[in-house]
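Below is one structure; the comments refer to it alone.
The values are calculated or read from the model by the stated rules, or taken from the named source; none is laboratory data. The shown structure was predicted, so the numbers you read here are calculated from the model rather than taken from an experiment. Positions of Cβ are backbone-derived with ideal geometry, glycine not excepted, and every protein chain shown enters the neighbour counts.
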Amino acid sequence: MSKALIIFIKNPEPGKVKTRLAASVGNDRALEIYQLLLAHTRSVATGVDAHRLLYYSSFIDTQDDWPATSFQKGVQAGGDLGARMSDAFRDAFATHEKVVIIGSDCRELSADFVNQAFAELEKHDFVVGPALDGGYYLLGMRAFHPEVFEQVEWSTENTLNQTLKQMIHPKRSVFLLPELSDVDYIEDWNRAVGREMP
């Protein structure tokens, strides 16, 4: 299959996920919300016709809700987030022609957005899904460009702009998907689910 969908997730452990969210709702509630985000991300991914590459943050969980029949499992390797994504893209491009990566923080993401990203890679070199916090919820390309992950401040309001700067080239084109919100704070979650949570 020429399309690969990379999914980066964190192993769901209390105190290690959604730390900004946990500051206001506590570790247990933050973990509960992250589990819901994982379930949503899993549903999105299974709605995409692509080879699905699931990368855990620290170890492969063979007993979780991500079936090995649908997801090829691995562990993120490298240094910072950029190095880990670059490593995953490089491996994916060894056997695929179009590669898209998503995380597990965007409740507004749908399979339609991911499928649109793959479709746009027929005409564009890059596809980016901007996030309201200055980062991005999706990135796709049709050839490996490791420079996209270099000279970028990760998890800041500058991440998206610095990434786009690395993509700019007279012979390359970038398609931007609609801007969506990642879930970093309880307000993000409440807005995403459309109601106040107890």
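Remarks
- Residues that are more than 13 Å from L5 (Cβ to Cβ), touching a Gly at 6+ places or on another chain (Cβ under 6 Å) and in a strand (DSSP E or B) within region 128-155 comprise Y136, Y137, listed in sequence order.
- The number of residues in region 157-179 that are farther than 15 Å from Y137 by Cβ and either in a loop (DSSP other than H, G, I, E, B) or among the hydroxyl-bearing types (S, T, Y) (or both) comes to 7.
- Within region 71-127, the set of residues being modelled with pLDDT of 95 or more, loosely packed, with under 14 Cβ neighbours inside 10 Å, assigned to a loop (DSSP other than H, G, I, E, B) and aliphatic (A, V, I, L, M) comprises just one member, A94.
- Comparison of Q72, Q76 shows that the only residue that is of a type outside the set (S, T, Y), closer than 15 Å to I9 by Cβ and free of Cβ contacts under 8 Å to residues at least 24 places away in the same chain is Q72.
- Taken over region 3-20, the criterion of being at pLDDT 95 or above and either more than 19 Å from the chain's Cα centre (by Cα) or outside any loop (DSSP other than H, G, I, E, B) (or both) is satisfied by K3, A4, L5, I6, I7, F8.
- For region 128-175, a tally of residues being β-branched (V, I, T) and either surrounded by fewer than 14 Cβ atoms within 10 Å (Cβ to Cβ) or farther than 25 Å from H96 by Cα (or both) returns 4.
- Of the candidates G47, G15, the single residue that is surrounded by fewer than 21 Cβ atoms within 10 Å (Cβ to Cβ), in contact (Cβ under 8 Å) with a residue 60 or more places away in the chain and farther than 24 Å from L164 by Cα is G47.
- Residue tally, condition surrounded by 15 or more Cβ atoms within 10 Å (Cβ to Cβ), farther than 20 Å from A111 by Cβ and of a type in the set (V, I, T), over region 19-44: 2
- Filter result for D182 (in a loop (DSSP other than H, G, I, E, B) and touching a strand residue (DSSP E or B) at 6+ places or on another chain (Cβ under 6 Å)): yes
- Residue within region 53-61 that is of a type outside the set (S, T, N, Q), free of Cβ contacts under 8 Å to residues at least 40 places away in the same chain and over 23 Å from A143 (Cβ atoms) present: yes
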